[in-house]
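All of the numbers you see were taken from the coordinates with simple rules; none came from a lab. Predicted model, so just to flag it, every value in this text is computed and none were measured. All Cβ positions, glycine included, derive from the backbone under ideal geometry; neighbour counts span all protein chains shown.
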Amino acid sequence: MKKPFEFTRWSLRISLFALLTAGLAILGLRLSIFDFQPALIGLAGTTLAGLLAIVLGLIGTLRAIKAKETRVVSTLSGSTLGFLVVAPVLMAIMAGAGAPRIHDITTDLTHPPEFVAIKALRTPAHNSLDRLEPENLAALQKAGYPDLAPLFIPRPSDQVFEQAVALVKKRGWEVAAVSAVNSRIEATDTTRIMGFKDDVIIRIQAAGNKTQVDMRSASRVGKGDLGMNAERIRLFLADLGK
């Protein structure tokens, strides 16, 4: 086999290995075969392998072009597959670049909504809900997400509550508690690929002639969340306020 296609062959082998490893890491996490740390280590390894596959594939392609090979397109198979493995991880990292390393976000830093039903679903291995770590959590959130604040809606609170419940169900979140008496909704959102569980509480109360909506979103595992909890709050409140 000619030299360009030697690079192509190794590129394809490595990219297939990266794809298989990524699949096993995700499946193992979702099936609770192992904890999230080994899964993240596995994904880091697959990302490096994917990048290596891309480099080797491109070298093979460039050499094929230089040698005026007729099968240049076939040399892109490994680098293309490697890119498909690497892209989701890099996109997630880029989206969360600059996000503070915190995992519990709320619109009310003074009196954040308190989880009740969700506490029974968490184990000692999960992140605490006491908001005591890190010590400067509130300051970090203010600096990282200065736009987060309570939402005030010019509609009756009971109407807003019903709309919030409907919106939670529409999003496919797993409802843990709906209390019209306490105007509280608790639910869990499971991330699409990795299956990470983030718990959400929505508090609704009358505020003069408007309705005040506060929200809190907290990850069960991990020190940081790449900005996912803040974005979840933004999107939910934006839809609720329409």
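For every helix of n ≥ 4 consecutive DSSP H residues, a contribution of -39,500 (n - 2.57) applies; sum these over the chain, divide by its total residues, and give [θ] at 222 nm rounded to the nearest 500 deg cm²/dmol.
Taken over the chain, the calculation gives -16000 deg cm²/dmol.
Restricting to Cα pairs below 8 Å that are 6+ residues apart, what does the relative contact order work out to for segment 1-78? Please round to a whole percent.
With pairs under 8 Å counted, the relative contact order is 48 percent.
Return Ile193, Ile118 ranked ascending by Cβ neighbour count within 10 Å, so the fewest neighbours appear first.
Ile193, Ile118
So what is the relative contact order for the chain, in percent, with contacts set as C-alpha pairs under 8 Å and at least six apart?
21
So for each of 141-151, 27-37, 206-216 I average, over its residues, the number of other beta carbons within 10 Å; can you give me the resulting order with the highest mean first?
Per-residue mean Cβ counts within 10 Å order the peptides as 206-216, 141-151, 27-37.
Only Lys, Arg, Asp and Glu count, each charged at its Cβ (+1, +1, -1, -1), so figure out the dipole size of the chain about its Cα centre, rounded to 20 debye.
Around 1180 debye, computed over the chain.
Using each residue's phi in segment 161-174, evaluate 6.51 cos²θ - 1.76 cosθ + 1.60 at θ = phi - 60° and report the 3J(HN,Hα) Karplus result to the nearest Hz, with x for Gly and Pro.
4, 4, 5, 5, 4, 4, 5, 4, 5, 4, 6, x, 6, 7
Please report His126, His111 as a ranked list, fewest other C-beta atoms within 10 angstrom at the top and most at the bottom.
Lowest count first: His111, His126.
If Rh is defined by the Kirkwood formula over all Cα pairs and Rg also comes from Cα, what ratio Rg/Rh do you get for the chain?
1.13
Which FRET efficiency value, to the nearest 0.05, is calculated for Ala139 and Val55 with the Förster distance at 25 angstrom and r the Cβ-Cβ distance?
Efficiency computed from Cβ-Cβ geometry: 0.05.
So which of Lys169/Lys223; Lys170/Lys197; Lys210/Lys242; Lys119/Lys169; Lys142/Lys169; Lys119/Lys197 end up more than 25 Å apart by C-alpha?
Cα-Cα > 25 Å for Lys169/Lys223; Lys142/Lys169; rest within.
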